[in-house]
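Here's the structure we're looking at; comments come further down.
The values are calculated or read from the model by the stated rules, or taken from the named source; none is laboratory data. These numbers come from a predicted model, not from an experiment. So basically every Cβ, Gly included, is an ideal-geometry build from the backbone, and we count neighbours across all protein chains shown.
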Amino acid sequence: MSAWLTFLAQKRQQHLDELCEFLQIPSVSSLPECAEAVVEAAEWVANRMQSAGIEEVCVFSTGGHPVVYGEHRHATDCPTVLIYGHFDTQPVDPEDLWEQPPFDPLIKNQRIYARGASDNKGPMLIPILAVEALLKTQGTLPVNVKFLFEGQEEIGSPQIPEFLETHQELLSCDLVVSADGVQWAADQPAIYLGFKGICALQVDVRGPVTDLHSGIFGGTVQNPLHALAHLINSMRDADGEICVEGFSDDVQPLNDLDRQQIAAVPFDEEAYKNRLGVKTLFGEPGYTTLERAWSRPTLEVVGVWGGFQDEGIKAVMPAEAHAKISCRLVANQTPQAISEAITRHVVRHTPPGVTATVVSLDSQALPYTIPSDHPGNQAAHAVLKKVYGKDPYYVRLGGTLPICDMFLEKLSAHTVMFAFGLDDECIHAPNEFFRLQSFERGLQAYGLLLEELATYPQGNQ
């Protein structure tokens with residue numbers, strides 16, 4: 001056994017105690033009353049990095065919640081790796097569904113229960129401890145390492161783009177490794193090749209100057225709710241294919257390798273339907289369920305309102321109606337192009353007698369992709385196969401991780417997802433937990449990854 005692995009084994013209880021201490025800090029970034037706790041968590045991270053032997057540790061102000069930076073750069077003619085994670089958490093509501101106070105960590109059945117245990121305090125502590133083990137036993141690291149841990153990921157990282165822009169030289173690197181994310185399963189690793197972008201819009205339809213008596217005026221003027229229903233229906237056909245002209249013009253089609261990699265991931269359609277409580281799956285023809293979920297763009301209505309909403313009925317036609325639309329984007333699509341396409345579509349298809357406008361909402365992010373044969377993925381593959389004893393799946397995610405594209409845009413560096421949470425660990429929900437097996441496996445994997453990356457090509461591959 002390597003000396004650094006022996007060191008980790010000897011420090012196991014100390015590391016668990018430290019994780020419990022970290023989890024006690026209620027660093028909920030969305031709640032103003034927890035702002036001081038987010039700062040406390042940043043200071044805790046900074047102190048732990050310093051005690052690990054990481055240098056130049058600094059807590060940066062951002063105009064919002066802080067970020068923590070540190071580095072250890074003594075590996076001459078070796079690549080520089082930036083390790084990313086976040087120490088803020090989601091709120092704990094509904095608190096009465098927790099089996100113990102959410103910021104009072106409980107270790108039970110080889111799991112540690114607390115808000116932030118899996119997302120992301122447990123996984124982000126792992127690379128700090130792995131680096132400490134290497135430094136304490138070898139005195140140096142096989143690559144140059146920088147750390148960037150933020151306290152605002154759970155609220156969309158509003159100040160991070162400006163921070164990356166301002167500190168490009170400080171954060172420059174050859175590769176980003178994210179400790180935020182998940183593995184496929186407790187016994188199955190995965191390499192994530194892409195995340196969808198997002199474009200959120202609101203459609204506002206307005207008709208008469210005021211609500212109208214539906215008996216007296218019914219049948220004489222356009223009803224904004226009917227007009228909105230017509231607009232929504234015009235955006236997709238009966239099979240689920242998007243009918244907005246120009247929407248899919250820039251979509252990068254799946255190639256044979258993409259489809260082979262997706263098909264290699266086991267998928268039980270019946271179990272999927274039972275889990276969701278539906279009898280039939282639905283979506284764009286010509287693609288499997290996983291292909292649609294991971295690699296095809298979507299246009300979904302996520303909210304509609306207008307008219308009388310309370311119990312009973314009120315005999316009025318509303319003066320206005322509204323809908324919120326969330327589009328998930330794939331490679332080469334941009335929120336701006338999608339917004340423009342939908343706006344043109346609404347102008348063309350608005351029925352007479354009403355006006356319709358489209359407003360872009362704050363949720364806007366580019367999609368992110370990384371080639372499966374990227375050198376960072378090759379290193380991750382070698383390590384995950386060694387740690388798990390099996391090849392990782394190559395997968396994608398229908399969700400959005402804006403930070404990956406931010407790193408690519410601002411630092412010209414791809415991000416390899418190398419995290420050890422699991423999506424069944426009640427992330428963002430009551431009774432969040434993190435498997436101790438994943439904690440220990442992650443410690444081993446990060447040490448091996450840094451060794452594997454010693455031959456990673458320099459120059460922002």
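General observations
For every residue, the table says whether it meets (1) assigned to a strand (DSSP E or B); (2) under 22 Å from Gly156 (Cβ atoms).
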{"residue": "Val387", "(1), (2)": "no, no"}
{"residue": "Arg396", "(1), (2)": "yes, yes"}
{"residue": "Cys404", "(1), (2)": "no, yes"}
{"residue": "Asn431", "(1), (2)": "no, no"}
{"residue": "Phe439", "(1), (2)": "no, no"}
{"residue": "Ala445", "(1), (2)": "no, no"}
{"residue": "Leu450", "(1), (2)": "no, no"}
{"residue": "Leu453", "(1), (2)": "no, no"}
{"residue": "Pro457", "(1), (2)": "no, no"}
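- Among residues of the range 421-435 that are at positive phi, those with a beta-carbon under 8 Å from a residue that is in a loop (DSSP other than H, G, I, E, B) and not aromatic (Phe, Trp, Tyr) at least six positions away or on a different chain give the pairs Cys426/Glu432; His428/Gln90; Asn431/Glu99.
- Where a residue in the range 264-284 is under 24 Å from Ser372 (Cβ atoms) and assigned by TED's automatic domain parsing to the domain that holds Ala238 and its partner, wherever it lies, is of a type outside the set (Asp, Glu) and not in a loop (DSSP other than H, G, I, E, B), with Cβ under 7 Å and at least six apart: none
- Failed item, numbered, when Val59 is tested on (1) aliphatic (A, V, I, L, M); (2) within 21 Å of Gly376 (Cβ to Cβ); (3) surrounded by fewer than 23 Cβ atoms within 10 Å (Cβ to Cβ); (4) under 24 Å from the mean Cα position of the chain (by Cα): (2)
Conditions (1) assigned to a helix (DSSP H, G or I); (2) closer than 25 Å to Thr400 by Cβ, marked per residue:
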residue	(1), (2)
Asn332	no, yes
Glu340	yes, yes
Arg348	yes, no
Gly353	no, no
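- Filtered residues of the range 202-222 (kept if under 12 Å from Pro352 (Cα atoms) and among the hydrophobic types (A, V, I, L, M, F, W, C)): Val205, Val221
- Residue ID - farthest from Ile128 (Cα to Cα), chosen from residues in the range 155-179 that are surrounded by 22 or more Cβ atoms within 10 Å (Cβ to Cβ) and not hydrophobic (A, V, I, L, M, F, W, C): Ser157
- Within the range 242-280, the set of residues being among the charged types (D, E, K, R) and farther than 15 Å from Val330 by Cβ comprises Glu245, Asp256, Asp268, Glu269, Glu270, Lys273, Arg275, Lys279.
- Residues that are farther than 30 Å from Pro32 by Cα and touching a residue at least 60 places away in the same chain (Cβ under 8 Å) number at least 2 in the following helices (runs of 4 or more DSSP H) confined to the range 69-181: 122-138.
- In the range 298-323, the residues that are assigned to a loop (DSSP other than H, G, I, E, B) and either surrounded by fewer than 11 Cβ atoms within 10 Å (Cβ to Cβ) or outside the structural domain of Thr357 (by TED's automatic domain parsing) (or both): Gln309, Asp310, Glu311, Gly312, Ile313
- Screening the candidates Leu201, Leu228 for the property of being part of a helix (DSSP H, G or I) and buried (at least 20 other Cβ atoms within 10 Å of the Cβ) yields one hit, Leu228.
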